[in-house]
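Notes for the one structure printed next.
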Amino acid sequence: MISLNEVFVEYDNGVRALKDLSLTVEKGEFAFVVGSTGSGKSTLLRLLYREMSPCQGTVIVNGEDVVDMKPSDVPFLRRRLGIVFQDFKLLPQKNLWENLAFALRVIGAQPKDIRRRIGDALALVGLTHRCDAFPNQMSGGEQQRAAIARALVNNPTLLIADEPTGNLDPDTSWEIMQLLDQINIRGATVLVATHDSQIVDRMKKRVIQLDAGHLIRDEHKGAYQHIES
Amino acid sequence: MNLSSAEFLIQEAFTGIRRNGLMAFASISTIALSLGILGAFVLVAFGANQFIASQIGKFEIAVYMNENATEQQTREVADKIAKIKDVANVAVLSKEEEWAQFKRANPNIESAGLQNNPLPYAIDIKVTDASRTTSIANKVRLMAGVHTVRDGREELARIMALARVVRGVSVSGVVVLLITATFIISNAIKLTLYARRREIRIMKLVGATNWFVRVPLIIEGIVFGAIGAFAAWALLRLGGAYVSQTVERLPFMAQFTCDIPSSILALSLIALGVVIGATGSFVSIRRFLNDT
């Protein structure tokens with residue numbers, strides 16, 4: 001599903017965000033990417049939907065080479081992914097329903113399908129009653145769930161979430177994780193960047209740990225901190 | 001692109017305008033003012049050029065025959081003049097007509113001792129191209145029986161020079177104002193897009209193609225341009241009515257008219273607004289699309 005091989009990323013200002021990173025995530029997996037701020041978590045996720053490109057190495061997503069991809073093919077890559085952004089990135093001028101509808105319109109879905117799929121996605125995240133609300137009228141937890149609903153609505157095979165519980169209280173965070181777990185059980189590969197240690201410890205999923213751009217741990221059924229056995 | 005997508009994109013454009021009301025108002029009023037100033041300048045320049053053309057059109061060449069020239073001789077000369085290129089009209093004035101006219105203008109002339117008609121036969125020439133006046137006059141001077149030719153050379157040269165200046169100022173003014181208007185309008189559009197750059201980025205991140213982002217924004221630009229141009233036209237109509245009321249009271253300005261038909265003015269302003277709106281949007285969006 002995801003395969004990175006000897007990836008180096010260097011920002012324009014000379015900061016090296018990822019160094020010699022190689023990594024594979026299989027179809028149907030649920031994996032956490034952990035590490036302190038600046039360790040390269042967000043950079044890793046951004047490579048996957050081609051918001052940025054590595055200066056060296058290959059990135060394969062859904063069997064496609066993302067690095068050599070033509071700019072005109074990038075929209076089609078993104079349509080097969082569900083992306084939950086750290087800052088939600090909901091369209092401020094559109095209400096919840098329209099935000100989801102826009103994501104579907106972009107992929108050319110028919111109005112009849114749009115209605116059904118939005119209904120399903122909103123039911124799954126528990127926001128059916130909020131479909132008329134604009135992003136600034138929703139709480140943090142609601143916006144987070146709205147962002148997840150939008151990421152889900154086009155039935156992605158890969159769901160990428162950057163700090164999906166970053167601004168939420170522990171109870172709401174746990175709800176969000178349960179939601180992502182459910183999406184994983186339904187068949188989507190899920191990749192979550194977080195530094196919420198409680199959540200990671202409790203979920204007992206694969207943990208990929210980055211430190212200063214290096215992969216320092218890749219452990220199945222891991223915890224946030226490596227426990228010496 | 002299928003029909004439902006096209007419908008969606010048009011709908012998106014109008015929702016965008018509605019929900020960004022203040023920015024829409026700012027853009028539209030900028031367009032209205034820029035095009036209004038441009039339109040006012042075009043009207044004034046057009047009027048000035050027409051006024052000068054009408055003054056030049058009034059220039060005539062006056063030909064006075066020798067005192068002993070007969071009507072027959074005068075007519076022969078007039079026929080020859082009529083064959084010269086760029087001569088529009090030739091009129092022979094008889095001695096009697098001229099004398100009658102002269103007496104009407106100077107009623108005391110007979111009592112002053114001038115009893116007999118001292119005037120020679122004369123010919124009035126109107127030309128089609130004022131710049132040829134001097135050369136036509138020179139040809140007429142060489143004809144037999146012609147005593148004097150008056151072509152108002154200096155006055156004509158002066159007014160022709162004025163015409164050139166007015167034309168030059170008009171053309172360069174229109175060009176400068178057009179460039180300025182384009183710049184101001186596309187800047188205003190850039191501002192509305194800048195306010196929505198986040199929105200544009202999000203669209204790209206959920207997988208919108210560049211065209212999918214572009215089309216509603218270009219439609220918005222076109223709508224802004226058309227509404228702004230219409231407002232500019234309405235301003236010019238109102239302002240024009242006021243100005244012409246004032247001008248009518250000034251006798252020396254009586255011939256100063258700008259008779260560009262209102263419908264042509266409206267259509268060209270709207271066409272200009274639409275073109276500037278569309279290209280302004282198209283060019284400005286490029287910057288925001290290339291970010292991701």
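The values are calculated or read from the model by the stated rules, or taken from the named source; none is laboratory data. It should be emphasised that the depicted structure is a prediction, and the values quoted were computed from it without experimental measurement. Here the Cβ positions follow ideal geometry from the backbone for every residue, glycine too, while neighbour counts run over all protein chains shown.
Points worth noting:
- Among the candidates A:Leu91, A:Leu104, A:Leu100, A:Leu77, residue that is touching a residue at least 12 places away in the same chain (Cβ under 8 Å), within 9 Å of chain B (Cβ to nearest Cβ), buried (at least 18 other Cβ atoms within 10 Å of the Cβ) and of a type in the set (A, V, I, L, M, F, W, C): A:Leu91
- Candidates A:Glu175, A:Glu142: the one that is assigned to a helix (DSSP H, G or I), under 30 Å from B:Ser5 (Cα atoms) and within 18 Å of the chain's Cα centre (by Cα) is A:Glu142.
- Unique residue being under 32 Å from the mean Cα position of the chain (by Cα), within 30 Å of B:Leu33 (Cα to Cα) and surrounded by fewer than 18 Cβ atoms within 10 Å (Cβ to Cβ) when the list is B:Val223, B:Val166: B:Val166
- Residue check: B:Ser131 meets all listed conditions (1) part of a helix (DSSP H, G or I); (2) surrounded by 16 or more Cβ atoms within 10 Å (Cβ to Cβ); (3) at pLDDT below 85 but one, namely (2).
- Flag for B:Glu97 being under 32 Å from the mean Cα position of the chain (by Cα), among the acidic types (Asp, Glu) and not in a strand (DSSP E or B): no
- Hits in segment A:107-130 (condition: more than 10 Å from every other protein chain (Cβ to nearest Cβ) and crowded, with 18+ Cβ neighbours inside 10 Å): A:Arg117, A:Ile118, A:Ala121, A:Leu122, A:Leu124, A:Val125, A:Leu127, A:Arg130
- A:Gly222 being part of a loop (DSSP other than H, G, I, E, B) and over 22 Å from A:Leu18 (Cβ atoms): no
- Subset of segment A:107-139 [of a type in the set (A, V, I, L, M), assigned to a helix (DSSP H, G or I) and without any contact (Cβ under 8 Å) to a residue 40 or more places away in the chain]: A:Ile114, A:Ile118, A:Ala121, A:Leu122, A:Ala123
- Residue within segment B:19-27 that is closer than 30 Å to A:Gln110 by Cβ, touching a residue at least 12 places away in the same chain (Cβ under 8 Å) and within 12 Å of chain A (Cβ to nearest Cβ) present: yes
- If you go through segment B:188-199 and keep only what is facing chain A (nearest Cβ under 10 Å) and either surrounded by 18 or more Cβ atoms within 10 Å (Cβ to Cβ) or touching a His at 6+ places or on another chain (Cβ under 6 Å) (or both), you end up with B:Arg196, B:Glu199.
- Checklist (1) surrounded by fewer than 20 Cβ atoms within 10 Å (Cβ to Cβ); (2) within 14 Å of chain B (Cβ to nearest Cβ); (3) not acidic (Asp, Glu) applied to A:Asn184, failing item: (2)
- Within segment A:196-212, the set of residues being surrounded by 18 or more Cβ atoms within 10 Å (Cβ to Cβ) and touching a helix residue (DSSP H, G or I) at 6+ places or on another chain (Cβ under 8 Å) comprises A:Asp196, A:Ile199, A:Met203, A:Val207, A:Leu210.
- The set of residues from segment A:29-65 being over 25 Å from A:Asp181 (Cβ atoms), aliphatic (A, V, I, L, M) and within 14 Å of chain B (Cβ to nearest Cβ) comprises just one member, A:Met52.
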